[in-house]
Number of protein chains: 2
Amino acid sequence: MSVTTKATIASFGGKLLKLSHAATSTQCEMSFNLYLPPQAFQNDTKKIPVLLYLSGLTCTADNCSEKGFFQHGASKKGMAVLYPDTSPRGLNLAGENDAWDFGTGAGFYVDATQAPYDAGYNMYTYVTEELPAVVFGAFPVLDAERVSITGHSMGGHGALTLFLRNPGKYKSVSAFAPISNPINCPWGQKAFGGYFGEELRDTKWKEHDATELVRKWKGGPLDVLIDVGTGDNFYKQGQLLPENLEKAAQEAGVEGIKVRYQPDYDHSYYTMATFADDHVEHAAKYLFA
Amino acid sequence: MSVTTKATIASFGGKLLKLSHAATSTQCEMSFNLYLPPQAFQNDTKKIPVLLYLSGLTCTADNCSEKGFFQHGASKKGMAVLYPDTSPRGLNLAGENDAWDFGTGAGFYVDATQAPYDAGYNMYTYVTEELPAVVFGAFPVLDAERVSITGHSMGGHGALTLFLRNPGKYKSVSAFAPISNPINCPWGQKAFGGYFGEELRDTKWKEHDATELVRKWKGGPLDVLIDVGTGDNFYKQGQLLPENLEKAAQEAGVEGIKVRYQPDYDHSYYTMATFADDHVEHAAKYLFA
């Protein structure tokens with residue numbers, strides 16, 4: 001459970017820590033970043049809540065740390081931000097590095113059931129269990145009882161599905177350009193086909209699909225903030241399908257999924273930087289309730 | 001004078017334009033970025049002032065556009081941000097690409113006098129004359145009479161020297177981790193040695209050295225905001241020498257050079273992101289006076 005500190009970077013009055021640890025669930029050394037706001041360094045007994053940010057395809061923990069602008073809002077609110085990596089690294093499994101949208105950098109926040117990926121592609125367990133245990137163990141200033149979740153694209157899918165699969169575990173959820181219905185888009189079909197296999201299309205696939213999870217949601221009204229740019233090429237290509245999520249919610253009578261279609265915004269970190277403060281505000285409403 | 005638009009990216013309610021044009025002074029196609037704040041798209045007759053941001057060694061216009069977060073403050077103030085490139089590109093001069101701190105990506109905002117660099121390494125003329133003529137010609141919404149200047153590292157050197165060499169041209173100046181006394185640091189000596197030659201050490205070198213320029217400043221009190229991180233390795237290595245600038249100002253009786261030594265902050269864009277709002281605020285005080 002020991003954590004290695006690779007860098008400590010001053011940022012918005014707090015510190016961005018670049019960390020790594022030997023992970024059991026993913027069978028490799030995993031890098032992650034943790035932003036501790038200035039309030040974490042004050043000598044009082046108040047614990048700091050955490051916003052868990054899940055990155056998109058191809059990203060490491062660094063992309064959003066540098067370009068997402070979450071530290072700006074988090075430093076004002078007194079919120080930590082935890083940035084995990086997007087997959088195991090260096091397992092040397094067959095096909096792992098053949099595509100940018102599968103394997104390395106593309107773990108999709110599921111536990112693979114199909115060989116060879118069941119050997120380490122367990123990002124669901126990693127993010128929901130192992131990483132929090134490590135982080136809250138190593139940083140007692142953080143409040144394990146107050147965690148919210150957000151993410152971008154593949155990480156937006158992760159945020160929505162982790163929230164919907166674990167009622168009460170996260171205080172709130174939001175997403176940027178989430179892959180909202182992976183079983184019906186090329187990225188999701190490729191990932192779930194590789195990690196689960198075709199034969200689990202009616203079981204595992206649906207259990208990790210936000211639109212399918214909303215259909216079965218029994219937890220009462222939601223308050224989900226989602227931003228999707230109308231200039232996002234992946235949205236236009238049908239990879240994101242937020243309308244399917246909205247429709248499923250409406251049909252199931254689930255209230256509170258609010259998709260803001262942002263005119264002209266694209267799939268990049270420019271969009272996240274623009275709306276990061278809003279998502280921090282959304283999380284703060286629940287983390288500091 | 002025609003400008004090619006390579007990308008239009010929504011950012012903080014405005015648009016970040018990736019542009020290029022065929023430049024005479026640098027004898028090549030030059031890329032640059034221009035952030036137009038939301039106020040530039042309102043149908044009124046108010047012109048928009050401009051903050052000119054000069055980048056550091058190795059950077060293009062994109063680094064600060066993505067990671068510096070000047071757009072955050074600029075969008076609120078109604079200020080455009082102009083991001084030029086740091087050198088000509090692709091001239092294929094001997095030695096141009098041999099080092100990261102000289103030649104490509106390292107124009108130092110001077111007009112070279114020594115062969116082969118006098119053929120195109122004219123970033124001083126490019127930034128002070130040609131680029132503004134192109135930009136104000138192509139974007140009449142911008143106010144050519146209200147321009148402030150800032151920059152990082154080599155670009156901090158550029159901001160200080162362009163301001164001090166051209167009294168009245170820029171409404172205000174600020175800098176992040178500026179190379180403050182290039183004639184006395186390795187980066188500056190290498191650059192000036194290459195662009196000017198040893199024989200101009202007492203003339204051209206000093207004419208582009210902020211510390212030397214402050215010694216001769218006759219323009220009255222200044223108001224210069226400078227941030228330097230105490231965790232900046234290049235500061236520790238003596239590449240920045242802000243103390244020399246402060247000392248020269250004190251000896252010359254020039255008031256208003258304020259260096260904020262920011263504890264633990266490094267030379268990265270994490271530092272700029274943290275203090276970008278302050279520098280936008282500093283510029284706004286003069287641009288909207």
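Any read-out appearing in this document is the output of simple, stated calculations on the displayed coordinates, not a laboratory observation. None of the values given here were measured: they were computed from a predicted structure. Quick reminder, even Gly has a Cβ in these numbers, built from the backbone with ideal geometry, and neighbours come from all protein chains shown.
Numbers for the structure displayed
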| item | result |
| --- | --- |
| Cα gyration tensor shape for segment A:179-289, rounded if a/c is under 1.5, else prolate or oblate | oblate |
| Global form of segment B:74-117, assessed from the alpha-carbon gyration tensor, a/c cut-off 1.5 | prolate |
| Value of [θ]222 nm, deg cm²/dmol, for chain A, DSSP H segments ≥ 4, -39500 (n - 2.57) each, nearest 500 | -8500 deg cm²/dmol |
| Equivalent ellipsoid dimensions for the protein assembly as shown as semi-axes, Å, which come from the Cα gyration tensor, largest first | 46, 25, 23 |
| Proxy reagent accessibility, fewest Cβ within 10 Å first, across A:I226, A:I48, B:I183 | B:I183, A:I48, A:I226 |
| GNM flexibility winner over chain B from B:T150, B:T203, B:T26 (Cα, springs under 10 Å) | B:T203 |
| Euclidean distance of C-alpha centroids, segment A:49-69 and segment A:1-45, integer Å | 13 Å |
| Antiparallel DSSP beta bridges within the protein assembly as shown, percent to nearest 5 | 55 percent |
| Ranked A:S55, A:S180, A:S172, criterion: other C-beta atoms within 10 Å, fewest first | A:S172, A:S55, A:S180 |
| Average partner coverage of B:60-70, which counts Cβ from other chains inside 10 Å | 2 |
| For chain A: rounded, prolate or oblate by the Cα gyration tensor [a/c cutoff 1.5] | oblate |
| Distribution of pairwise C-alpha distances over segment B:73-197, 10 Å bins, in % | 12, 43, 32, 12, 1 |
| Choice from B:D143, B:D44, B:D277 showing the highest fluctuation, given a GNM over chain B with Cα pairs closer than 10 Å | B:D44 |
| A:A115 versus B:D143: modelled label distance in nm, points set 7 Å from Cα along the beta carbon direction | 7.1 nm |
| Karplus-derived HN-Hα couplings along segment A:101-110 (A = 6.51, B = -1.76, C = 1.60, θ = phi - 60°), whole Hz, x at Gly and Pro | 10, 7, x, 3, x, 8, x, 6, 6, 10 |
| B:W100-A:R165 pseudo-label distance in nm [points 7 Å out on the Cα-to-Cβ vector] | 4.0 nm |
| Amide H partners (placed H, <5 Å) of B:N122, local residues excluded | B:A112 |
| Calculated log₁₀ intensity ratio I(q)/I(0) where the Debye formula runs over C-alpha points of segment A:1-114, q = 0.15 Å⁻¹ | -0.69 |
| Amide proton proximity set for A:I257, modelled H, under 5 Å, gap of 5+ | A:V224 |
| Listed residues A:G188, A:G137, A:G120, most fluctuating in chain A (Gaussian network, C-alpha, under 10 Å) | A:G137 |
| Spacing of the two label points (7 Å from each Cα toward its C-beta) at A:K218 and B:A7, in nm | 4.7 nm |
| Sites B:A252 and B:E129, calculated FRET efficiency, Cβ-Cβ separation with R0 30 Å, nearest 0.05 | 0.60 |
| Karplus 3J(HN,Hα) series, Hz, for segment A:56-65 with 6.51 cos²θ - 1.76 cosθ + 1.60 (x for Gly, Pro) | x, 3, 6, 7, 10, 5, 6, 3, 6, 4 |
